[in-house]
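To keep things clear, I will list the structure first and then write my remarks on it.
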Amino acid sequence: MTLFTSSRGASRTRAAVAPAATLVAMTSVGLLIALAGSAQAATPAPPLGTADSFAVLAGAGVTNTGPTTLSGDLGSYPTLTITGDASIVFASGVNHAGDAVTQGAQTDLTTAYDAAAGAGPTSPITADLAGMTLIPGVYASASSMGLSGEVTLDAGGDPAAVFIFQVASTLTTAPGSHVTLAGGAQACNVFWQVGSSATLDTNSVFRGTVLAMTSITANTGATIEGRLLARSGAVTLDTNTVTRPSCATVPTAAATVAAAAAAPQVTAVPSGPVSTGDGSTAPGATTGGAGYLGAGAAVLALGVAALVVTHRRRVNV
């Protein structure tokens with residue numbers, strides 16, 4: 001059965017369906033944008049496990065010179081030697097030396113290192129990060145990586161955004177260099193996976209967790225908001241401040257939706273008569289969250305119905 005036999009009738013049908021089709025198209029575009037945003041923010045942080053509590057963790061011993069302040073645990077395994085620990089001040093944390101906690105942390109460090117090394121998709125990065133402003137993501141250097149000045153990591157307002165740097169060989173910062181955080185970025189979400197060794201030079205200000213395959217050296221006066229975690233080599237300190245970072249609590253999407261649903265939609269309920277269009281009055285009515293949810297469901301149903309009707313009419317025309 002043909003529903004419409006004239007082009008005029010078909011034109012009216014297309015005109016009637018157009019607004020609904022436009023609404024559905026706009027909704028689809030919004031969903032695609034939301035999904036794209038979620039994908040961009042989906043880079044997970046490497047799981048540190050029990051290594052999370054450590055400010056300094058070594059595989060071949062720790063050597064310290066001068067007064068160094070640690071906010072976080074200290075340990076070394078399988079080489080247990082820690083030299084100069086009398087000059088280390090613990091603002092928080094303890095010296096685990098080579099105990100069972102340190103041994104478990106080294107195992108978890110290996111897991112975190114492998115996760116960081118395998119993260120992706122990656123963006124290639126030049127050897128020197130100085131002068132760059134980088135958005136969240138995974139950056140890979142096929143060789144060494146350096147920092148001769150200042151690099152800015154901009155989270156774009158997302159405090160949960162993760163930055164991962166994959167360095168095939170060495171990581172070296174210049175004296176007085178800076179890693180600067182912007183847009184809500186947090187040091188707890190910055191990771192430097194280093195294929196060999198890392199050197200943080202004199203008075204540099206560094207942020208993020210260093211996951212080094214071999215050794216880590218912090219020269220005189222270097223300040224680190226992060227962790228120095230070496231798998232097989234030593235960690236060398238010299239009058240440094242190393243502060244294990246902690247993430248500020250970020251509300252999850254589910255918690256945000258639940259809070260919005262629980263919040264009242266109307267703060268004041270009319271108690272008197274409500275004026276109608278003809279100047280008369282009618283009893284007042286309240287509008288709650290269910291009303292808005294019902295309206296939203298109606299709009300969605302309208303969009304779906306429009307798609308179905310459009311499809312059927314195209315088939316029959």
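A few remarks follow.
- Volume per residue for the range 68-111 equals 71 cubic angstrom (convex hull of Cα atoms).
- Kirkwood hydrodynamic radius of the range 46-159, Cα pairs, Å: 16.3
- The mean of 1/r over all distinct Cα pairs in the range 132-244, once inverted, gives the Kirkwood hydrodynamic radius of 13.7 Å.
Each value in this text was obtained by applying a stated rule to the coordinates, not by laboratory testing. Keep in mind the model is a prediction, meaning the values are calculated, not measured.
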